[in-house]
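Okay, structure first, notes after.
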Amino acid sequence: KPLIRGFTGDTGVIHQGESVTLRWEARGKNFIIDPGNVVLGPYTATYSFTPDKDTVYTLRAIGEDPNATPASKTFAVRVASKDACIAEIETFRAKNPDVYIGDKVILRWSTRYARSVRLDSDRGVAPGELRSQSGSIGVSVVEPTVFTLTATDSIGKVVTKAVTVTPRARPAPPDPLTTPPPADAKPPTTDNNAIQPVPNDTGGTANSGQR
């Protein structure tokens with residue numbers, strides 16, 4: 001029985017004139033890709049196309065039984081103008097924007113269809129080239145800083161997004177000498193059973209416990 005476990009491509013968006021490579025994991029006597037009616041053998045698992053417009057590709061897996069219904073899956077490819085940037089910045093934000101001076105702000109980003117991604121700042125504290133299209137990084141800030149994420153596509157077109165972080169001064173620690181007692185603090189107690197001094201006949205004091 002024919003089976004297609006997965007059908008995808010190396011990218012879902014290309015520029016005019018670029019190619020997309022389709023890949024699949026499937027079982028069948030042979031495979032057919034449309035449009036084009038491309039017939040491929042059972043051991044083929046990739047094929048490249050250079051579409052000139054948006055295209056939905058359909059992979060069909062044909063079984064040994066000619067009367068059996070083929071398995072099929074689709075994959076869509078969008079074709080953009082060479083003047084357009086196909087890289088996308090899905091998110092770029094500071095996880096903890098309310099930081100103190102000298103603390104690290106955690107910056108998170110997520111991009112798609114980018115050949116390269118870099119993080120810069122107007123204070124020179126950003127790392128520059130990033131290793132992945134999505135992730136997070138901590139950067140220390142000591143003054144208002146504008147961080148800019150730049151995603152570059154396959155032909156050098158760029159898209160950017162900026163985040164401003166303004167750290168605030170850390171509050172001074174409280175003075176222990178002037179710190180008021182806790183609201184639930186209890187006043188000291190007096191031991192009524194303690195021996196109290198009493199006056200004697202000479203004007204001094206005597207211990208009330210003596211006879």
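The values are calculated or read from the model by the stated rules, or taken from the named source; none is laboratory data. All figures in this text were calculated on a predicted structure; none of them were measured in a lab. Note that we place each Cβ from the backbone using ideal geometry, even for glycine, and neighbour counts take in every protein chain shown.
For the stretch 93-126, residues that are without any contact (Cβ under 8 Å) to a residue 24 or more places away in the chain and touching a strand residue (DSSP E or B) at 6+ places or on another chain (Cβ under 6 Å) total 4. Looking across the stretch 97-112, the residues that are surrounded by fewer than 19 Cβ atoms within 10 Å (Cβ to Cβ) and over 24 Å from Arg168 (Cβ atoms) come down to Ser110, Arg112. Out of the residues in the stretch 59-96 that are in contact with a Ser or Thr (Cβ under 9 Å, 6 or more places away or on another chain) and assigned to a loop (DSSP other than H, G, I, E, B), which is farthest from Ser140 (Cα to Cα)? For the stretch 59-96, the residue satisfying everything is Gly63.
Restricting the stretch 117-132 to residues that are surrounded by fewer than 17 Cβ atoms within 10 Å (Cβ to Cβ) and either out of contact with any Pro (no Cβ under 9 Å at 6 or more places or on another chain) or among the acidic types (Asp, Glu) (or both), the residue that is nearest to Lys157 (Cα to Cα) is Glu129. Of the residues making up the stretch 97-106, none is outside any loop (DSSP other than H, G, I, E, B), under 30 Å from Thr44 (Cβ atoms) and not basic (Lys, Arg). Cβ-Cβ under 6 Å, sequence separation 6+ or interchain: first residue in the stretch 32-60 and hydroxyl-bearing (Ser, Thr, Tyr) and surrounded by fewer than 17 Cβ atoms within 10 Å (Cβ to Cβ), partner modelled with pLDDT of 95 or more and in a loop (DSSP other than H, G, I, E, B). Which pairs? What qualifies is Ser48/Ser19; Thr50/Ser19. Residues that are in contact (Cβ under 8 Å) with a residue 24 or more places away in the chain and over 30 Å from Glu18 (Cα atoms) were ranked within the stretch 140-161; the one that is nearest to the chain's Cα centre (by Cα) is Phe147. Has the stretch 82-92 got at least one residue that is farther than 30 Å from Val125 by Cβ, surrounded by fewer than 17 Cβ atoms within 10 Å (Cβ to Cβ), touching a residue at least 40 places away in the same chain (Cβ under 8 Å) and touching a strand residue (DSSP E or B) at 6+ places or on another chain (Cβ under 7 Å)? Scanning the stretch 82-92 turns up at least one residue that is farther than 30 Å from Val125 by Cβ, surrounded by fewer than 17 Cβ atoms within 10 Å (Cβ to Cβ), touching a residue at least 40 places away in the same chain (Cβ under 8 Å) and touching a strand residue (DSSP E or B) at 6+ places or on another chain (Cβ under 7 Å). Of all residues in the stretch 61-81, those that are surrounded by 11 or more Cβ atoms within 10 Å (Cβ to Cβ) and either within 19 Å of Thr8 (Cβ to Cβ) or within 31 Å of the chain's Cα centre (by Cα) (or both) total 11.
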